[in-house]
Structure formats: structure tokens, C-alpha cells
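Scroll down for the structure; my scribbles are underneath it.
The values are calculated or read from the model by the stated rules, or taken from the named source; none is laboratory data. In this text, all values refer to a predicted model and were calculated from it rather than measured experimentally. In this analysis, Cβ positions are derived from the backbone assuming ideal geometry, glycine residues included, and neighbour counts consider all displayed protein chains. When the accessible area is computed, the model is the full protein with side chains, heavy atoms only, and any ligands, DNA or RNA have been set aside. Shrake-Rupley method; radii C 1.70, N 1.55, O 1.52, S 1.80 Å.
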Amino acid sequence: EAGVAQSPRYKIIEKRQSVAFWCNPISGHATLYWYQQILGQGPKLLIQFQNNGVVDDSQLPKDRFSAERLKGVDSTLKIQPAKLEDSAVYLCASSLVGAGRPLYGYTFGSGTRLTVV
Amino acid sequence: GNSVTQMEGPVTLSEEAFLTINCTYTATGYPSLFWYVQYPGEGLQLLLKATKADDKGSNKGFEATYRKETTSFHLEKGSVQVSDSAVYFCALSSVSSGGSYIPTFGRGTSLIVHP
């Protein structure tokens, strides 16, 4: 089966500019996650979708970050305006759930490496 | 809230040495537990998982046992190889106050294996 697709692979922007990342999960996976991974740290959950509804966005900096999953399939994460501290790898993952639990763990995409200068 | 604590790295071993990477967690209810591996330049891959107390997850010679009494999920391998050099992440999925299962990852432990 095809994996989780993300684009772009790399992005360099100046601070105060905007940027968008795209993710297409594994077919049939209703749950989609966006993570931020700063160098040397573990992935931090930004937002979790179940179909096209938000399950958790408690760690999303809502003054500058937004995400949507309009048709319950692919998703877009946007940052506007970007700050230097947003430099990180943005990971998308998806999972198949049963009784709410991820049945086989989380399948990750390759990520987008964002550098804000 | 939920949290995962992993031992600080890097862990440096010679080939064929025994590996233990400690992981302890704090979570509500009965979380599912995972180990992920990230090889240099690659994405995170699921290594093994356990979904209930006393379950043992295993894959590629790695093992971890879900210990509810000590809230631990330590990763072990009897004989490491140079190709095992990577960053290892312990993670859990636990129910939140809103009733949904939310993932939490540790900071990662870097493993370096010398020939």
C-alpha cells in the first residue's frame, strides 16, 4: 500500500512569511496527525483529526498555525506569520483505529523540513 | 497529563553488546505503548508495540514488555549490530479528558554502535 505522502520535502522562508504543508494519509485511515519535531527532540502533537473533525489541538499555536482536513482525506497545515522558532520538521501521520485506539500504531510520512531565516 | 521519559543518550556500544533503553510513562487509564526507530535521514518507523499489561512486543531481535506495576516499557536487544545505529522513541497512546486516544512521544535516545 502507498505510504503517507507529504510535500514539500524542504522549505526555506524568511520570518513573517507564510508557508503551507500538505499531507495525504494512507487510504482508509480516518485519523490524521500533524507533529512538530525540533532537532534533538521527540515529535510534539500539534493537531489530531478524526475524519474532518478536530479531536485535539491543545498544543497548536492558534495565533499563527492553522490546519484543515475538509473532505476527511488530505490535510493542509499553515503557518502565518512564521517565526525563527518554527524551524523544525513537520511530520504527518495517520492511523487505523478500533474503539478509538490506533490498531497498528502510527504511520509517518517523510516530513517537511522548514527553515525560517 | 500524559508523559514519556526516556534515558538520555547517546548510548554507545560495541557490536554484539546487550542493549537496554529505559522508558517510563505517566498516563491515565490503560495506554498502548510503542517503540519507534528513526534511521539517519529517514522518517519514524514502528518497531514494536504492546497494548495491555504483561504483553511483550518484539521485532528484528528487539523486545519490550509492558510493565504496568512499574509503568515501564524498556527496549532490549541481546546483540546489537552497527546497522541498529539510530534514534529510538518510546511513545504511548492514551485516552484524553475528551475521550479520544492522544499520542505522546519521548525525546528519543540516540544509539551508536561501533564495529
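A few comments on the model shown:
- Residues within the reach of a label modelled at A:LEU96 (point 7 angstrom out along Cα to beta-carbon, backbone nitrogen below 13 Å), restricted to segment A:1-38, are A:1-2, A:26-31.
- 14 Å beta-carbon shell around A:ASP63, net charge (K/R +1, D/E -1): +2
- Think of chain A as a dipole: +1 on every Lys or Arg Cβ, -1 on every Asp or Glu Cβ, centred on the Cα centre; then among A:ALA30, A:SER18, A:TYR106, A:SER18 lies furthest on the positive end.
- Accessible surface, chain A, averaged per residue in Å² (probe 1.4 Å): 49
- Peptide A:101-112 - average C-beta neighbours from other chains (10 Å radius): 5
- Rough spin-label spacing in nm, given labels placed 7 Å along Cα→Cβ, for A:THR76 and A:ASN51: 2.3
- Peptides B:76-87, B:50-61 ranked from most to least packed, by the mean per-residue count of other Cβ atoms within 10 Å: B:76-87, B:50-61.
- Amide H contacts of B:TYR30 (H built 1.01 Å from N, under 5 Å, at least 5 apart or other chain): B:VAL95
- Gaussian network model of chain B, springs between alpha carbon atoms under 10 Å - residue of B:PRO40, B:PRO103, B:PRO31 with greatest fluctuation: B:PRO40
- Evaluated over the protein assembly as shown, the count of Lys pairs having alpha-carbon atoms less than 12 Å apart is 4 (only pairs 8 or more residues apart or interchain).
- The local environment of A:ILE12, defined by Cβ-Cβ distances under 13 Å, has a net charge of +2 under the rule Lys, Arg +1 and Asp, Glu -1.
- Computed extension length for B:ALA53-B:VAL82: 7.3 nm, one decimal, from 0.36 nm per residue of separation with the Cα-Cα distance subtracted.
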